[in-house]
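The structure under discussion is supplied below as structure tokens; questions concerning it will follow.
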Amino acid sequence: MDFKTRFARFDDKKRILNLYKKVSKNIGGIARTENEITENYIETNLKKSISNGACLVIENTNQLIGEIHCYKLEPNVFNHILSELTVVVDYEYQGQGLGKLLFKSLLEYVETKRMDILRIELIARESNKKAIKFYEKIGFEIEGRFEKRIDNGTKYFEADIPMAWFNKNYTQHCSHSFVMGAIKL
């Protein structure tokens, strides 16, 4: 099949919820468990992504089979960053390049339409070596380790690996000015 991405709409909320619920049933797929995937969680991510980031989906017939989203953080000092990136692909469609298509579409969008974005951030658990290699292959760089951050349900904890991709077409717009003043004591 020839799959295509499109930007998510707010009326995709229910179908995104269904996709996340399905994907969360597989351990290690995403960090949240099925009971943590709520309408409020999906609605909040969708609103933030549509208003100041990006959310793309892949559709097959009337169901969504893939989604990626990220958005700007607060405060304004992070205005050049898209973060909280999450990507999900229906397990029945994994291994067909849909994750790659979602990332390619997102990165292309940022490079061509979002010159205000310098970096995109994501975090991958250290045991997900396949994902980390994939992220590196598409241009993400490892920036460190958050030791013992993931409680994987055993007596052992694992590290989270922060990664970033940098937009080669970033154009800095000075949106705030700082005034240095003397302080009298």
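It is to be established whether one or more residues within the range 139-150 are out of contact with any Gly (no Cβ under 6 Å at 6 or more places or on another chain) and under 21 Å from TYR41 (Cα atoms).
Narrowing the range 139-150 to residues out of contact with any Gly (no Cβ under 6 Å at 6 or more places or on another chain): 139-150.
Next, only the ones that are under 21 Å from TYR41 (Cα atoms) stay: 150.
Checked against the condition, which is being out of contact with any Gly (no Cβ under 6 Å at 6 or more places or on another chain) and under 21 Å from TYR41 (Cα atoms), the range 139-150 yields at least one hit.
Oh, and also: Can you tell me which residue in the range 14-53 is nearest to ALA131 (Cα to Cα), limited to those that are open to solvent by 50 Å² or more (accessible area, probe 1.4 Å) and small (Gly, Ala, Ser)?
Going through the qualifying residues, I end up with ALA31.
To keep it simple, each residue is scored yes or no on (1) touching a Ser or Thr at 6+ places or on another chain (Cβ under 9 Å); (2) closer than 13 Å to ILE68 by Cβ.
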residue: ILE120; (1), (2): yes, yes
residue: LYS129; (1), (2): no, no
residue: ILE138; (1), (2): no, yes
residue: ILE142; (1), (2): no, no
residue: PHE146; (1), (2): no, no
residue: ARG149; (1), (2): no, no
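What's the total number of residues in the range 105-116 that are crowded, with 16+ Cβ neighbours inside 10 Å and in contact with a Phe, Trp or Tyr (Cβ under 7 Å, 6 or more places away or on another chain)?
Looking only at that region, the number is 1.
May I pose another question? As an exercise: evaluate LEU122 against (1) crowded, with 17+ Cβ neighbours inside 10 Å; (2) assigned to a helix (DSSP H, G or I) and give the number of the one condition it does not meet.
It is condition (2) that LEU122 fails.
Return the only residue of LEU107, LEU56, LEU82 being assigned to a helix (DSSP H, G or I), touching a Gly at 6+ places or on another chain (Cβ under 9 Å) and of a type in the set (A, V, I, L, M, F, W, C). Even if it seems obvious, please write down each step before you answer.
On the way: LEU56 fails: assigned to a helix (DSSP H, G or I); LEU82 fails: assigned to a helix (DSSP H, G or I).
It is LEU107.
Same structure, new question: Among the residues of the range 54-104, write down those that are more than 22 Å from ILE117 (Cβ to Cβ), among the charged types (D, E, K, R) and surrounded by 14 or more Cβ atoms within 10 Å (Cβ to Cβ).
Matches in the range 54-104: GLU59, ASP90.
Looking at the range 59-79 only, could you name the residues that are part of a loop (DSSP other than H, G, I, E, B) and in contact with a Ser or Thr (Cβ under 6 Å, 6 or more places away or on another chain)?
Keep residues of the range 59-79 that are part of a loop (DSSP other than H, G, I, E, B), which gives 61-62, 72-75, 79.
Listed by number, the list holds a single entry, LEU73.
Every residue in the range 24-53 that is at pLDDT below 95, in a helix (DSSP H, G or I) and either touching an Asp or Glu at 6+ places or on another chain (Cβ under 9 Å) or acidic (Asp, Glu) (or both), please.
Matches in the range 24-53: SER24, GLU34, GLU36.
The values are calculated or read from the model by the stated rules, or taken from the named source; none is laboratory data. Bear in mind the structure is a predicted one, so any value in this text is a computation, not a measurement. All Cβ positions, even for glycine, are placed from backbone atoms using ideal geometry, and neighbour counts span all protein chains on display. Areas reflect the complete protein model, heavy atoms only, side chains present, ligands, DNA and RNA absent. Shrake-Rupley method; radii C 1.70, N 1.55, O 1.52, S 1.80 Å.
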